[in-house]
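The values are calculated or read from the model by the stated rules, or taken from the named source; none is laboratory data. Predicted, not measured: the structure shown is a model, and the values here were computed from it. Counting neighbours? That spans all protein chains shown, and the Cβs are built from the backbone with ideal geometry, glycine included.
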Amino acid sequence: MKPQGNPAPAEGGSVKDIEQEGYLSKWNEESAVRTKPYLYACDRVVNDDSASSNWFFPSALPYLFHPLLAGLTTNQVQELLARNLITFLEYTTLLEHRIVNKSVQFIAQDCLPVSIPHGMRMDALRIYTDEGYHAIMSADVAHQVSEIFEINYGTRKFNRIARLEAMAEGFQFATLGWFLVGFVSETAITKQFTKMGQASLVPGVYNMLMDHLSDEWKHSQYFVSIFSYLWPRLTEAQRNFCARQLPAIIHECFRLDGTLLERDFSEMGIDNDIAQIIIEERGRESEHRLRARAGAATTLHALKRCSFFNDPRYAASFFKHGLID
């Protein structure tokens with residue numbers, strides 16, 4: 001069946017404008033790598049000022065409020081926040097390099113099943129540059145914080161990255177599959193950054209995350225615009241592929257790795273039994289589905305705008321995974 005219909009315009013401009021000029025046509029005047037001063041120094045003194053500044057947003061660590069952790073001191077809470085910041089930044093560094101930029105390469109090199117207009121491919125090159133800079137920012141701040149708290153973090157393996165790569169390598173439509181992984185990753189990470197307004201952060205950390213967020217919001221909308229361009233132009237087989245793989249990709253992007261929490265608790269001298277209880281509670285399938293649905297809100301909204309769920313087969317696939325009602 002030959003797909004019919006016109007692509008939905010992406011937020012921030014018409015499809016025609018985006019095709020000709022690119023979604024990121026003001027990149028030279030707006031991107032962090034081109035315009036923002038490097039204000040990401042994390043002052044050691046701030047470590048003693050935990051009453052007014054956090055090292056990460058507590059809302060990202062719901063287990064901090066678990067009754068079994070009620071006896072944690074302020075310093076212990078801040079160390080847990082710092083450890084999670086390091087993990088988040090280390091994961092971000094790998095995600096940018098190994099997942100997002102690989103996805104972006106296929107757009108820039110016009111390797112997707114549908115030919116991408118020049119303006120959109122130029123945007124892909126801009127995003128590739130942004131993501132490299134985000135990796136620098138993330139790695140630098142992670143190193144600073146690890147020295148402040150004397151945490152030997154090194155370069156760790158992240159099971160989620162490995163699983164996403166393994167999925168992508170086995171896809172029937174390889175380049176389209178890699179695009180879908182990038183699409184979900186970039187729309188999901190923006191959701192994570194929106195938590196920033198809920199906490200007062202250490203200035204250097206706050207500056208870095210805000211500069212990253214200002215870019216990532218545009219990246220998220222760019223990936224939405226590419227999906228909007230692709231969807232009506234895909235064959236039925238390619239659409240069926242997207243409907244099968246997207247729920248699985250979304251769930252992988254929000255699957256927790258309990259070994260990271262176990263490691264942090266162990267290094268801080270917190271009872272391992274507490275870690276196991278929290279890991280078991282957070283690892284329940286019902287909890288995982290709730291995280292995936294909430295975290296993928298931007299992704300799901302983009303699919304709705306493209307009339308993706310008008311096909312009852314596709315809606316049923318997402319319903320089965322608990323992503324829509």
Residue count, the stretch 303-325, condition under 24 Å from Tyr222 (Cα atoms) and not in a helix (DSSP H, G or I), comes to 4
Hey, Val77 hits all of (1) buried (at least 20 other Cβ atoms within 10 Å of the Cβ); (2) more than 19 Å from His212 (Cβ to Cβ) but one; which does it fall short on?
(1)
Filter the stretch 275-302 for residues that are free of Cβ contacts under 8 Å to residues at least 60 places away in the same chain and within 16 Å of Tyr222 (Cα to Cα); the one that is surrounded by the fewest Cβ atoms within 10 Å (Cβ to Cβ) is His301
Looking only at the stretch 125-184, which residues are surrounded by fewer than 16 Cβ atoms within 10 Å (Cβ to Cβ), of a type in the set (A, V, I, L, M) and closer than 21 Å to Asp110 by Cβ?
Ala174
Residue match in the stretch 253-274 (condition: outside any helix (DSSP H, G or I), in contact with a Leu (Cβ under 8 Å, 6 or more places away or on another chain) and closer than 28 Å to Tyr222 by Cβ)
no
Before we move on, is Cys242 at pLDDT 95 or above, crowded, with 19+ Cβ neighbours inside 10 Å and either closer than 24 Å to Ile161 by Cβ or within 18 Å of the chain's Cα centre (by Cα) (or both)?
yes
Of all residues in the stretch 27-56 being within 22 Å of Asn84 (Cβ to Cβ) and not in a loop (DSSP other than H, G, I, E, B), which is modelled with the highest pLDDT?
Asn54
Of the conditions (1) in contact with a helix residue (DSSP H, G or I) (Cβ under 8 Å, 6 or more places away or on another chain); (2) modelled with pLDDT of 95 or more; (3) farther than 17 Å from Pro232 by Cα, Arg313 satisfies every one except a single condition; which number is it?
(3)
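On the basis of being among the polar types (S, T, N, Q) and not in a helix (DSSP H, G or I), does Ser59 make the cut?
no
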Of (1) under 17 Å from His66 (Cβ atoms); (2) touching a residue at least 60 places away in the same chain (Cβ under 8 Å), Asp257 fails just (1)
Just to be sure before I move on: is Glu90 buried (at least 17 other Cβ atoms within 10 Å of the Cβ), closer than 30 Å to Gly269 by Cβ and acidic (Asp, Glu) in the structure I sent?
yes
Where residues in the stretch 105-116 are assigned to a helix (DSSP H, G or I) and either buried (at least 21 other Cβ atoms within 10 Å of the Cβ) or free of Cβ contacts under 8 Å to residues at least 40 places away in the same chain (or both), which of them is farthest from the chain's Cα centre (by Cα)?
Ala108
Which condition number does Lys102 fail, the rest of (1) within 28 Å of Leu256 (Cα to Cα); (2) at pLDDT 95 or above; (3) surrounded by 20 or more Cβ atoms within 10 Å (Cβ to Cβ) being met?
(3)
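Is it the case that Glu79 is assigned to a helix (DSSP H, G or I), free of Cβ contacts under 8 Å to residues at least 12 places away in the same chain, over 19 Å from the mean Cα position of the chain (by Cα) and farther than 19 Å from Thr187 by Cα?
Here the answer is no, as Glu79 does not meet what is asked.
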